[in-house]
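See structure below.
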Amino acid sequence: MQPVQNILRSPFTLLVPALAILTIVFGIPIVQLFLESVNAPTFNLQNYYSFVGQSANIRILIQTLEISTVATIICVLIGYPTAYLIASAPKKTRVVLIVLVVIPYLTSDLARTYSWVVILGDAGLINSVLTDLGLISGPLPLIYNRVAVYVGMVHIMLPMIILPLLSVMTSINGSLIAAAKSMGARPSTAFWRIYFPLSMPGVRSGTLLVFVLCLGFYVTPTALGGLGDAMLSTSIAAQASTGFSMATISASSFVLLAIAVIVLATFGLNPAGSRKVEFKQRTGWFSRMTFLNCIKGYANEIAVESRAKNWPSQVHRVQSDRRFSKIAGWTILVLVVFYLLFPSIVVVVMSFSDGHTLQFPPPGLSLQWYRSFFTDPTWYGTALLSIKIGLAVSILATVAGTLAAFGLSRIAPGVRNIMTMAILTPIIIPVIVVGVASYFGLANLGLIGTETGIVLTHTVGAIGYVVVIVSATLVDFDKQLVRAANSMKARPLAAFMKVTLPIIRPAIVGSALFAFIHSFGEVVITSFVSGYSVQTLPLKMWNNIRNEIDPTVAAVASLLTLLPIIWMIALYIMWWRAGQRAQSAIVKSEV
């Protein structure tokens, strides 16, 4: 009996539910996918030779790398100053700005892509305004080109790089910059020599995440790009929808996966955001020129002494000379927030139009498109199905992910990092590869075209979000509280229910909401495993966008946009009530 109890109490036992789902739905199928790509059991590289031998594949692969690289660079160039300005803002302003960044991050990618279709289309917002002003006689080609693809991809990925940067920048000790300035360093020198190196973990994590996720983009390039802007994921989806030659699809998928793995292995994605930064002495060509170096060093010593003497007066004087930088900073923030939120606002406003087509501004207000949504069984039926699947995914992923987070918190750091990366793999690698592997997994189980199959595939990714959120809370959890309960003869389950669960409940509820949002907006993986018998709301919306622009889609996109806002308000109320209860408990204990 004692060995059984030891097994049940082992932290690895808590990982079993999450790893079992991950292994059956994704792990084993990805191995099968690899074996299929090398023609097992004969084992040859014929499929890869065929892939490389077709010039169209090479062109699409290079195009995929080019689009992903350019989109990532744009995200870094916009995201870094945005994150810096948010991190430098006062606390209350910072919270508001973070919420404004998080809202589009939680909004469905499909809804955001649809917003750009509405804005950039031939009859879209920009062309309509320019035509009404008499500036153009015909529509400008704003959509179905490479620029439109970049606009849509950067809009989706920008929060993905701002948030990791913020987590690092807000933890940088501001006294280090002040100390550098007090020793005579210029503000620019203090930034480049102190602040920028300390922020590099966030830059590295955000850049890698954005680049790898861009590799698997499917919906946005398909909706906004032209025929010459196809990415490898688009090619894989096209192969799956036409011939479904698994050998060809598996080879293409593993080429994409290999690029992602090589990039992650080379630069080392670190979700924990290690802040060990080595400050290196400059050894550029200029510093190696002895004579010029002596002059530069002497001049710098004089300037440093002067700046160090003037630093106290600069700290206390009226900062009128910084007014321009503040105006420039706020201008950048306003433009970025406008870029992130304006497309969704346009769609929400247009969804209330009383016209027969989408117009901005609407000629009149009406709820006709919402009536169309709630009275058409093909629309509200798919919405109810998506809610049903989302709730099932939320429950399953929350239970398995929370247990896994507890298990990870109790095992050695080395094993923990490996297991964490394994659980997070489905949300780190290109989503199109997850879709293909999940198709293999569900085909093995006979669950293609079933609601159970869709729930399992969505759960694979949702578990990763739950583990990240609950693990972050457990890092700050005081384990002495549990030991104190145990010392008072409380059983492990009683200690968990009475001590641990009330403290981490907000994180569990928040992770459940994230799991629901992840499932409710998923379309790429669902398109692979749903068959023709199950159609979720995002899938119907995606088919509608590709085949016809029904204005009812605007109402659907508005509902998908408002969903994360409702969740965030619910979370805020829950955390606020938890804080009130904690304060009441402290007051009672003091009395």
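The values are calculated or read from the model by the stated rules, or taken from the named source; none is laboratory data. What you see is a predicted model; the values in this text were computed from it and never measured. Here Cβ is always computed from backbone atoms with ideal geometry, including for glycine, and neighbour counts include all displayed protein chains. Note: accessible area is taken over every heavy atom of the protein model, side chains too, but ligands, DNA and RNA are not part of it. Shrake-Rupley method; radii C 1.70, N 1.55, O 1.52, S 1.80 Å.
The table below gives the values:
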item: Prolate/oblate/rounded call for the stretch 413-543, Cα gyration tensor, a/c under 1.5 rounded; result: prolate
item: Set LYS388/LYS540; LYS181/LYS326; LYS388/LYS479 screened for pairs whose C-alpha atoms are more than 25 Å apart; result: LYS388/LYS479
item: Packing rank of 360-371, 108-119, 476-487, where each peptide gets the mean count of other beta carbons within 10 Å, highest leading; result: 108-119, 360-371, 476-487
item: Whole-angstrom Cα spans of the stretch 487-565 along principal axes, big to small; result: 66, 29, 14
item: D (Stokes-Einstein, µm²/s), Kirkwood Cα radius, the stretch 89-230, 1.002 mPa s at 20 °C; result: 119 µm²/s
item: Rounded D (µm²/s) - the stretch 381-422, Kirkwood Rh over Cα pairs, Stokes-Einstein at 20 °C, 1.002 mPa s; result: 179 µm²/s
item: MRE, 222 nm, helices only [DSSP H, n ≥ 4, -39500 (n - 2.57), over the chain, to nearest 500]; result: -25000 deg cm²/dmol
item: ³J(HN,Hα), Karplus 6.51/-1.76/1.60, whole Hz, each residue of the stretch 118-133, x for Gly, Pro; result: 5, 7, 9, x, 4, 9, x, 4, 5, 5, 5, 5, 5, 5, 4, 7
item: Size-normalised alpha-carbon gyration radius of the stretch 198-260, reference 2.2 N^0.38 Å; result: 1.36
item: Highest average packing first - 209-216, 492-499, Cβ atoms within 10 Å; result: 209-216, 492-499
item: Karplus-derived HN-Hα couplings along the stretch 395-411 (A = 6.51, B = -1.76, C = 1.60, θ = phi - 60°), whole Hz, x at Gly and Pro; result: 5, 5, 5, 5, 5, 5, x, 5, 4, 5, 5, 5, x, 5, 6, 10, 10
item: Distance in nm between pseudo-label sites at HIS356 and MET160 (7 Å out along the Cβ direction from Cα); result: 4.1 nm
item: Phi to ³J(HN,Hα) by Karplus 6.51 cos²θ - 1.76 cosθ + 1.60 over the stretch 206-221, Hz, x for Gly, Pro; result: x, 5, 5, 4, 5, 5, 5, 5, 5, 4, x, 5, 10, 5, 5, x
item: Cα-based Rg and Dmax for the chain, where Dmax is the largest Cα-Cα distance (Å); result: 26.7, 84
item: Where the stretch 416-575 is the region considered: accessible area per residue in Å², 1.4 Å probe; result: 43 Å²
item: Relative packing of peptides 406-413, 551-558, 447-454, 82-89 - highest average C-beta neighbours within 10 Å first; result: 551-558, 82-89, 447-454, 406-413
item: Residue-normalised accessible area of the stretch 77-167, expressed per residue, 1.4 Å probe, Å²; result: 41 Å²
item: Convex hull (Cα only) mean projected area of the stretch 32-123, reported in nm² to one decimal; result: 10.6 nm²
item: Inter-part distance where the stretch 363-427 and the stretch 456-524 are each reduced to a Cα centre, Å; result: 15 Å
item: The stretch 162-179 and the stretch 198-238: distance between their alpha carbon centers, rounded to Å; result: 28 Å
item: Normalised alpha carbon radius of gyration of the stretch 157-227 [divisor 2.2 N^0.38 Å]; result: 1.56
item: The chain - percent of accessible surface contributed by carbon and sulfur, probe 1.4 Å; result: 68 percent
